[in-house]
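The values are calculated or read from the model by the stated rules, or taken from the named source; none is laboratory data. These numbers were taken from a predicted model, which means no experiment stands behind them. All Cβ positions, even for glycine, are placed from backbone atoms using ideal geometry, and neighbour counts span all protein chains on display. We work out accessible area using only protein heavy atoms, side chains counted, and drop any ligands, DNA or RNA first. Shrake-Rupley method; radii C 1.70, N 1.55, O 1.52, S 1.80 Å.
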Amino acid sequence: MENTNREQKIKTGYKKNANKYDDYITSKKLWSKIIVKIIWGLHDEEYVKTLLPLIPNDLQGKLLDVPAGTAVFTYNKYKTMHKADIFCLDYSQEMLDYALERFNSLNTTNVHCKQGDVGNMPFENNFFDIVLSMNGFHAFPNKQKAFMETYRVLKPGGKFIGCFYIKGERRVSDFVARNVFVRNGTFTLPFMTKKELALQLKEQYTDVKIWNIKSIACFECTK
Ligand SMILES: C[S@@+](CC[C@H](N)C(=O)[O-])C[C@H]1O[C@@H](n2cnc3c(N)ncnc32)[C@H](O)[C@@H]1O
């Protein structure tokens with residue numbers, strides 16, 4: 001599939017699903033609890049709980065969250081991070097509108113939301129102290145560009161932290177990812193295995209730590 005087609009498909013996919021996203025991803029409703037349990041084998045967003053504590057609440061530098069989505073997982077964390085400059089970037093304005101609604105109610109000036117492409121980011125080289133990327137790489141239309149750009153904008157010594165779906169860990173998840181989520185435009189092929197993710201990160205970063213909870217790979221590494 002042409003890159004522009006993939007990009008359009010992802011935009012349309014999240015536009016159509018933005019209003020259901022929070023209920024689904026947080027397993028908050030009975031229907032989503034059942035779906036998340038069947039598809040991912042998870043009770044809730046347990047993998048998120050292993051990642052967010054890696055970001056210090058008293059961070060004084062710049063944090064990039066890409067893709068920020070609706071900020072459903074990060075909102076409670078960011079509202080305590082008064083000393084950090086936080087940039088939330090996402091391709092889908094519809095997803096970002098939910099994040100904006102959340103942050104606008106806080107009256108803070110340190111969280112900036114911007115529509116944009118992870119593969120072509122409007123930030124200088126070495127700009128961020130931390131780049132967070134949760135549930136993005138299985139969606140990004142051009143994963144190589146995303147790895148290059150997240151690396152480019154991170155300072156030497158900065159941390160790259162994130163998670164996303166990897167193939168080869170759980171059959172049901174693999175089947176649904178390929179046959180449902182690719183078709184509805186919320187995931188984009190090709191998917192990575194844990195081994196491929198390790199190779200990719202070790203090529204760019206040091207102190208690479210990777211752990212997975214079923215089909216969700218989590219990582220932390222240093223530029
Ligand atoms: C599954 S959501 C994850 C959002 C959030 N990080 C979370 O964990 O709830 C995936 C997001 O990736 C965004 N996305 C897809 N392709 C993108 C791209 N090229 N650049 C930036 N964001 C993109 C979608 O718009 C969507 O909001």
(request) For the stretch 89-107, state whether one or more residues are assigned to a helix (DSSP H, G or I), within 15 Å of the ligand (Cβ to nearest atom), modelled with pLDDT of 95 or more and closer than 28 Å to residue 222 by Cα. (result) yes
(request) Scan the stretch 18-54 for residues that are part of a loop (DSSP other than H, G, I, E, B) and either open to solvent by 40 Å² or more (accessible area, probe 1.4 Å) or away from the ligand (no atom under 13 Å from the Cβ) (or both) and report the count. (result) 7
(message) Would you confirm, using the coordinates I've provided, whether residue 132 is under 16 Å from the mean Cα position of the chain (by Cα) and either away from the ligand (no atom under 15 Å from the Cβ) or closer than 23 Å to residue 57 by Cα (or both)?
(response) yes
(message) Consider the stretch 147-191. How many of its residues are in contact with a strand residue (DSSP E or B) (Cβ under 8 Å, 6 or more places away or on another chain) and either modelled with pLDDT under 95 or of a type outside the set (Asp, Glu) (or both)?
(response) 19
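Taking the stretch 108-145, which residues are part of a helix (DSSP H, G or I) and closer than 21 Å to residue 73 by Cα?
Within the stretch 108-145, no residue meets the criteria.
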(request) Evaluate the stretch 174-181: report whether one residue or more is not basic (Lys, Arg) and not in a helix (DSSP H, G or I). (result) no
